[in-house]
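First comes the structure, then the notes that go with it.
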Amino acid sequence: MSEFGKETHINISVIDEVRKRSDKPMGSAVFEIGDVLGSRGSIKAKKLKKGGTLYARLQKAPPRNAGKLALRLRGAKLKNVEGMFKKSDPFFELLRTYDGQGGGSYTPVFRSKHIKNNLNPKWEPATVDVNTLCDGDLDRRIQVAVYDHESSGKHASMGT
């Protein structure tokens, strides 16, 4: 707990997790909590020396545990975005918004495993903390997006 009126700093680092090798630091930035909370939307940005921008957003923790959302999703007759000779490898993401209305940008909070060569996937059951998904606000919009998995990380959208 910090003292009122006393500056409190946090250091945020971004690390590229590399398999079978050491992790690679991508950059870090120090934010003063009062500056972040006092900025529009409680979001502050800092440029990283190696390129790119790191955004910090602070919010008050939800007052109570809102429980978990358990769901089981499946796709039916999904559009093949892979081309003529292969089928897509679909996965889904659950995304949240921070403005509450869904008009702003969405941020992924859950990603399923992809299912190879299947346009009618039945994904494994998923459980997501409701506070993570919508801060416990059951009227807040969420988004479900489906992508074709690519090993390069450049996943192709199959719809939202």
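Of everything in region 6-42, what is open to solvent by less than 80 Å² (accessible area, probe 1.4 Å) and within 30 Å of Ser152 (Cβ to Cβ)? Give them in sequence order. Of everything in region 6-42, those that are open to solvent by less than 80 Å² (accessible area, probe 1.4 Å) and within 30 Å of Ser152 (Cβ to Cβ) turn out to be Ile12, Ser13, Val14, Asp16, Val18, Gly27, Ser28, Ala29.
Across region 82-101, a minimum of one residue is classified as of a type in the set (Phe, Trp, Tyr) and modelled with pLDDT of 85 or more.
Within region 13-35, being on the phi > 0 side of the Ramachandran plot and either touching a residue at least 60 places away in the same chain (Cβ under 8 Å) or small (Gly, Ala, Ser) (or both) holds for one residue alone: Gly27. Phe85 meets the conditions (1) of a type in the set (Phe, Trp, Tyr); (2) assigned to a loop (DSSP other than H, G, I, E, B); (3) surrounded by 15 or more Cβ atoms within 10 Å (Cβ to Cβ) in every case but one. The failed one is (3). Within region 62-86, residues that are at positive phi and in contact (Cβ under 8 Å) with a residue 12 or more places away in the chain have Cβ atoms under 9 Å from residues that are surrounded by 11 or more Cβ atoms within 10 Å (Cβ to Cβ) and assigned to a strand (DSSP E or B) in these pairs: Gly67/Asp129, counting only partners at least 6 apart in sequence or on another chain. Can you name the residue in region 43-56 that is more than 19 Å from Glu7 (Cβ to Cβ) and among the charged types (D, E, K, R) and is also surrounded by the fewest Cβ atoms within 10 Å (Cβ to Cβ) among such residues? It comes out as Lys49. Among the residues making up region 36-46, a single one is touching a strand residue (DSSP E or B) at 6+ places or on another chain (Cβ under 6 Å) and without any contact (Cβ under 8 Å) to a residue 12 or more places away in the chain: Ala45. Kindly establish whether Pro108 is at pLDDT 90 or above and in contact with a Gly (Cβ under 7 Å, 6 or more places away or on another chain). For Pro108, the condition - at pLDDT 90 or above and in contact with a Gly (Cβ under 7 Å, 6 or more places away or on another chain) - is not met.
Beta carbons closer than 9 Å, at least 6 apart along the sequence or on distinct chains, pair a first residue in region 136-156 that is closer than 16 Å to Val109 by Cβ and among the small types (Gly, Ala, Ser) with a second that is surrounded by fewer than 16 Cβ atoms within 10 Å (Cβ to Cβ) and at pLDDT 85 or above for Gly136/Gly67; Ala145/Pro108; Ala145/Ser157; Ala145/Gly159; Ala145/Thr160.
Only residues that are in contact with a strand residue (DSSP E or B) (Cβ under 9 Å, 6 or more places away or on another chain), closer than 30 Å to Ile12 by Cα and aliphatic (A, V, I, L, M): list them for region 48-85, please.
Correct list: Leu48, Leu54, Ala56, Leu58, Ala66, Leu69.
The values are calculated or read from the model by the stated rules, or taken from the named source; none is laboratory data. Model, not experiment: these values are computed from the prediction. When we count neighbours, we look across all protein chains shown, and the Cβ atoms used for this are built from the backbone with ideal geometry, even at glycine. Please note that ligands, DNA and RNA were not included when accessible areas were found on the heavy atoms of the full protein model with its side chains. Shrake-Rupley method; radii C 1.70, N 1.55, O 1.52, S 1.80 Å.
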